[in-house]
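Have a look at the structure below before the remarks.
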Amino acid sequence: MRRDAPLPTLDEIRERLAGQGITALGVAPAEVLDRARSALKERGAAGLADSMEFTYRDPERSTDPRRAVDGARSIIVAAMP
């Protein structure tokens, strides 16, 4: 993937999100979320999906950031109270 502008730093992202109620911000590798995938499969099999069809319909996609954004190497993680 080619970009004309450099990617923003974590501090620049933090500045852009100021005032949005974000209490923590970090970056993680765009890797498969194995524990989340297992939990989704278990909860789905137990009938606990309720109205969250998008998440439970395809746990392999829902737990792999690279399938959501082709070429993703990192994900930005933000926490709100």
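The values are calculated or read from the model by the stated rules, or taken from the named source; none is laboratory data. Given the structure is predicted, the values throughout are model-derived calculations rather than measurements. In this analysis, Cβ positions are derived from the backbone assuming ideal geometry, glycine residues included, and neighbour counts consider all displayed protein chains.
Regarding ALA78, is this residue outside any loop (DSSP other than H, G, I, E, B), touching a residue at least 40 places away in the same chain (Cβ under 8 Å) and surrounded by 13 or more Cβ atoms within 10 Å (Cβ to Cβ)? Steps first, please.
Working: outside any loop (DSSP other than H, G, I, E, B): yes; touching a residue at least 40 places away in the same chain (Cβ under 8 Å): yes; surrounded by 13 or more Cβ atoms within 10 Å (Cβ to Cβ): yes.
For ALA78, the condition - outside any loop (DSSP other than H, G, I, E, B), touching a residue at least 40 places away in the same chain (Cβ under 8 Å) and surrounded by 13 or more Cβ atoms within 10 Å (Cβ to Cβ) - is met.
Might you check whether a residue that is on the phi > 0 side of the Ramachandran plot and at pLDDT below 90 occurs anywhere in the range 53-66? No, that holds for no residue. Selection of the range 62-73 for residues being surrounded by fewer than 13 Cβ atoms within 10 Å (Cβ to Cβ) and not in a loop (DSSP other than H, G, I, E, B) yields only ALA68. Within the range 1-29, the set of residues being out of contact with any Gly (no Cβ under 9 Å at 6 or more places or on another chain) and hydrophobic (A, V, I, L, M, F, W, C) comprises ALA5, LEU7, ILE13, LEU17, ALA18, ILE22, ALA24, LEU25, VAL27, ALA28.
Scanning the range 48-61 for residues that are hydroxyl-bearing (Ser, Thr, Tyr) and part of a helix (DSSP H, G or I) yields a total of 2. Exactly one residue out of ALA24, ALA36 is of a type outside the set (D, E, K, R), touching a residue at least 24 places away in the same chain (Cβ under 8 Å) and in contact with a strand residue (DSSP E or B) (Cβ under 9 Å, 6 or more places away or on another chain), and it is ALA24.
Go through the residues of the range 26-47 one by one and say whether even a single one is of a type outside the set (Gly, Ala, Ser) and assigned to a strand (DSSP E or B). Walk me through how you get there before you give the answer.
Restricting attention to the range 26-47, the residues satisfying the condition of being of a type outside the set (Gly, Ala, Ser) are 27, 29, 31-35, 37, 40-43.
Those still in the list that are assigned to a strand (DSSP E or B) too: 27, 29.
Checked against the condition, which is being of a type outside the set (Gly, Ala, Ser) and assigned to a strand (DSSP E or B), the range 26-47 yields at least one hit.
For the range 14-56, the set of residues classified as surrounded by 11 or more Cβ atoms within 10 Å (Cβ to Cβ), of a type in the set (Val, Ile, Thr) and farther than 21 Å from ASP70 by Cα consists of ILE22 only.
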